[in-house]
Amino acid sequence: MDMENLRLSCLSCKNCPLHETRTNVVFGVGNPSSSVMLIGEGPGANEDLQGEPFVGRAGLLLDDMLKIIDLDRHKNVYITNIVKCRPPKNRDPLNTEQDACMGWLRQQYLIIKPKIVVCLGRIAAMALIKPSFKITAEHGQVFDKDGVKFFAIYHPAALLRDQSKMPDTFVDLKNLQTLIREVAPETYENM
Ligand code: URA
């Protein structure tokens, strides 16, 4: 199955109750041939309305952060979320919702075959790196899983709430850029 056909089947997903309150399924955006996958937690209000991940204030900041290290959502990364439908009132997605949705992410992962997975925030890192993940202590560290590098940074919405996390995030982004140059240099070719 290719990404477009996967997206089309995801649009009619009713695996969990979040389908009842969604406006749009927020499947993912970016280049399915890229080696770098970024994964957030779940759509917010703007994403639900527009059907694209990270298009609100946090998304604008994410685009700026990506630009610092020559990444672009339409060119050399693929961006998606742990859950594809908005949790009401922007609450954290429940474990049952994450489990119900994980099959879509697994299939996206199998199509992309990323070399680097960047978890955006605690929820994605707990789901994809380890349940005990502590974002304050473990952001910026590289976790190797069967040769794929997993890396977590603060969620852009957390950065909007607490600007004191910015300097650490800048360092993490520069380290991410070095990691990309080492293990996925094709990311920066033909830019
Ligand atoms: N926060 C997320 O984790 N994902 C989005 O798509 C938007 C905000």
Note on the range 33-191, DSSP bridge orientation, antiparallel percent to nearest 5 equals 25 percent
Can you compute 3J(HN,Hα) from phi for each residue in the range 89-100, using the Karplus curve 6.51 cos²θ - 1.76 cosθ + 1.60 with θ = phi - 60°, rounded to whole Hz and x for Gly and Pro? 6, 6, 5, 4, x, 5, 4, 5, 5, 4, 5, 5
Only helices counted: for the chain, with every DSSP H run of 4 or more residues adding -39500 (n - 2.57) and the sum spread over all residues, [θ] at 222 nm is -12000 deg cm²/dmol
Out of Val117, Val171, Val55, a Gaussian network model of the chain with alpha-carbon springs under 10 Å gives the largest mean-square fluctuation to Val171
When every alpha-carbon pair in the chain is counted, what percent end up more than 30 Å apart? 12 percent
Relative contact order (%) - the range 3-182, alpha-carbon pairs under 8 angstrom, separation at least six: 24 percent
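Can you check how the C-alpha radius of gyration of the range 130-189 compares to 2.2 N^0.38 Å, as a plain ratio?
1.22
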Using the alpha-carbon atoms, what tilt in degrees (0 to 90, nearest 10) does helix 57-68 show relative to the longest principal axis of the chain? 30 degrees
For the range 3-182, how many pairs of lysine residues have a Cα-Cα distance under 12 Å, where the two are 8 or more positions apart or belong to different chains? 7
Give me a comma-separated list of calculated 3J(HN,Hα) values for the range 144-155, in order, Karplus coefficients 6.51, -1.76, 1.60 applied at θ = phi - 60°, integers in Hz, x for any Gly or Pro. 8, 10, 6, x, 8, 8, 9, 8, 10, 10, 4, 5
Karplus-derived 3J(HN,Hα) from phi for the range 40-45 (6.51 cos²θ - 1.76 cosθ + 1.60, θ = phi - 60°), whole Hz, x at Gly and Pro, runs x, 8, x, x, x, 4
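Every number here is computed from the coordinates shown, using simple stated rules; none is lab data. Just so it is clear, the structure is predicted and the values come from calculations on it, not from any experiment.
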